[in-house]
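Colleague: Following this message is one structure expressed as structure tokens.
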Amino acid sequence: MVEPNLLHAPVLDWYADNARDLPWRAPDATPWGVLVSEIMLQQTPVVRVLPVWHEWMARWPTPKALAAEQPGEAVRHWGRLGYPRRALRLHACARAVAEEHGGEVPSDHATLLSLPGIGEYTAAAVASFAYGGRHAVLDTNVRRVFARAVRAEQYPPTATSAAERRLAEALLPELDAPRWGVAVMELGALVCTARAPRCADCPITDLCAWRLAGKPPHAGPARKGQTYAGTDRQCRGRLLAVLRSAHGPVPKAALDAVWDDAVQRERALDGLVADGLAEPLDDGTYRLPHS
DNA sequence: CACGCGTGGCG
DNA sequence: TCGCCAAGCGT
């Protein structure tokens, strides 16, 4: 038996007092509800996910319910969460669960990892939060907290490293690992934030290696910012918004109207079709995907 | 493994 | 104002 880590008690006590009351953390949340929340939360803030999650749970309370729909309906009700390929993958995930797992969200990490849209983080999160499994959940919040508290660095490396995985495993308590994981995530989301960390409110500020070192700024090259205005991504977003709001095939002219640069527009539309987010029909119209 | 992928709010 | 950032994944 390992010695309990010094970080555990203060972080867990802090979480007991400061955890947000989120519906996918409620005792009656289903594994499906947890899975849907995790996919929606990939790169999207909690406040924007909340209303859409509630709508999805009411509309599609089980994987089989979503699996019975056309994929386009998942894209339509994704709304403006962003990265709509996630909606497509979540739909494919629901069909895989329905057809290959009896409609039950798997609890095994490796099985979860094999499903569409589920990567290392999401597999660990579902196995841990929905089923109580002992897995290290390494999201951007956890990585940042560990980078600062343990490694004395402002930000974690760009890609998750083996060293980070080893550290997360070493810190994982034998008992109640899911609560530890969600507590560290919450600490990163509410206190140990990327921009302006609130160290005065941090339960481990006395132990934090980064603070003790004088909060040295990130050494390496500036991290790559994501541009948006004028990009293919913005163009794709415009085009897909037209398809989402229409309840049926739309004429090409309706798509042409929302983006001036024809070359870029055609490239973006081809991309949407290639990704399965848009479907060209024989009469030259386009719609959200059916199958 | 670096890149592409939406969207909106905040400092 | 506008760049940064938000519970990543797939290729």
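The values are calculated or read from the model by the stated rules, or taken from the named source; none is laboratory data. Treat the numbers as computed from the prediction; the structure is a model and nothing was measured. Positions of Cβ are backbone-derived with ideal geometry, glycine not excepted, and every protein chain shown enters the neighbour counts. Just the protein is used for accessible areas: all its heavy atoms, side chains included, with ligands, DNA and RNA removed. Shrake-Rupley method; radii C 1.70, N 1.55, O 1.52, S 1.80 Å.
Colleague: Out of the helices (runs of 4 or more DSSP H) lying entirely within the stretch A:204-291, which hold 1 or more residues that are among the β-branched types (Val, Ile, Thr) and in contact with a strand residue (DSSP E or B) (Cβ under 7 Å, 6 or more places away or on another chain)?
Modeller: In the stretch A:204-291, the matching helices (runs of 4 or more DSSP H) lie at A:232-245, A:262-274.
Colleague: Restricted to the stretch A:120-163, and to residues that are part of a helix (DSSP H, G or I) and over 19 Å from the mean Cα position of the chain (by Cα), which residue is surrounded by the fewest Cβ atoms within 10 Å (Cβ to Cβ)?
Modeller: Of the residues in the stretch A:120-163, the ones part of a helix (DSSP H, G or I) are A:120-130, A:140-149, A:162-163.
Imposing the further condition that a residue be over 19 Å from the mean Cα position of the chain (by Cα) reduces the set to A:146-149, A:162-163.
Details: A:146: 22, A:147: 22, A:148: 25, A:149: 23, A:162: 7, A:163: 11.
By that ranking, first place goes to A:162.
Colleague: In addition: If you check A:268, A:213, which single one turns out to be over 30 Å from residue A:148 (Cα atoms) and open to solvent by less than 80 Å² (accessible area, probe 1.4 Å)?
Modeller: Step by step, each of A:268, A:213 is checked, and only A:268 is over 30 Å from residue A:148 (Cα atoms) and open to solvent by less than 80 Å² (accessible area, probe 1.4 Å).
Colleague: Moving on. Between A:150, A:126, A:97, which is outside the structural domain of residue A:184 (by TED's automatic domain parsing) and under 25 Å from residue A:187 (Cβ atoms)?
Modeller: A:126
Colleague: Here's a follow-up. Residue under question is residue A:66, and the condition is that it be part of a loop (DSSP other than H, G, I, E, B), surrounded by 18 or more Cβ atoms within 10 Å (Cβ to Cβ) and not aromatic (Phe, Trp, Tyr); does it hold?
Modeller: no
Colleague: The conditions are (1) open to solvent by 40 Å² or more (accessible area, probe 1.4 Å); (2) at pLDDT 95 or above; (3) of a type in the set (Val, Ile, Thr), and residue A:227 fails exactly one of them. Which is it?
Modeller: (2)
Colleague: Has the stretch A:166-176 got any residue that is within 11 Å of DNA strand C (Cβ to nearest atom), surrounded by 15 or more Cβ atoms within 10 Å (Cβ to Cβ) and not assigned by TED's automatic domain parsing to the domain that holds residue A:122?
Modeller: no
Colleague: Among the residues of the stretch A:98-108, which ones are open to solvent by 40 Å² or more (accessible area, probe 1.4 Å) and either closer than 19 Å to residue A:167 by Cβ or touching a Phe, Trp or Tyr at 6+ places or on another chain (Cβ under 6 Å) (or both)?
Modeller: Selection gives A:107 alone.
Colleague: Identify, by number, the condition in (1) away from DNA strand B (no atom under 15 Å from the Cβ); (2) of a type outside the set (D, E, K, R); (3) more than 18 Å from residue A:10 (Cβ to Cβ) that residue A:122 doesn't meet.
Modeller: (1)
Colleague: Turning to a different aspect of this structure: Could you identify the single residue in A:59, A:20, A:25 that is at negative phi, within 16 Å of DNA strand B (Cβ to nearest atom) and basic (Lys, Arg)?
Modeller: None of the others qualify; the one that does is A:20.
Colleague: With the requirement that a residue be assigned to a loop (DSSP other than H, G, I, E, B) and of a type in the set (Gly, Ala, Ser), what does the stretch A:184-198 give you?
Modeller: Once the filter is applied, which keeps residues that are assigned to a loop (DSSP other than H, G, I, E, B) and of a type in the set (Gly, Ala, Ser), the stretch A:184-198 yields A:194, A:196.
Colleague: Of the residues that sit in the stretch A:52-63 and are assigned to a helix (DSSP H, G or I) and not hydrophobic (A, V, I, L, M, F, W, C), which one is least open to solvent (accessible area, probe 1.4 Å)? Talk me through it step by step, then tell me what you get.
Modeller: The initial filter retains those residues of the stretch A:52-63 that are assigned to a helix (DSSP H, G or I), namely A:52-59, A:63.
Then keep just the ones that are not hydrophobic (A, V, I, L, M, F, W, C); that gives A:54-55, A:59, A:63.
Numbers: A:54: 97, A:55: 72, A:59: 110, A:63: 7 Å².
Ranking the candidates gives A:63 first.
Quick grid of which residues meet (1) away from DNA strand C (no atom under 16 Å from the Cβ); (2) touching a residue at least 24 places away in the same chain (Cβ under 8 Å):
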residue: A:230; (1), (2): no, no
residue: A:233; (1), (2): no, no
residue: A:247; (1), (2): yes, no
residue: A:255; (1), (2): yes, yes
residue: A:260; (1), (2): yes, no
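Colleague: I've got another one for you. Residue by residue through the stretch A:69-86, note down the ones that are open to solvent by less than 70 Å² (accessible area, probe 1.4 Å), closer than 19 Å to residue A:41 by Cβ and in a loop (DSSP other than H, G, I, E, B).
Modeller: A:79, A:81, A:82, A:84, listed by residue number.
Colleague: Only one of A:81, A:115, A:35, A:41 is within 14 Å of DNA strand C (Cβ to nearest atom), touching a residue at least 60 places away in the same chain (Cβ under 8 Å) and within 24 Å of residue A:276 (Cα to Cα); which?
Modeller: A:35
Colleague: Is one or more of the residues making up the stretch A:53-69 within 27 Å of residue A:176 (Cβ to Cβ), touching a residue at least 12 places away in the same chain (Cβ under 8 Å) and within 11 Å of DNA strand C (Cβ to nearest atom)?
Modeller: yes
Colleague: On to the next question. Go through (1) closer than 25 Å to residue A:72 by Cβ; (2) away from DNA strand B (no atom under 11 Å from the Cβ) and name the single condition residue A:236 misses.
Modeller: (2)
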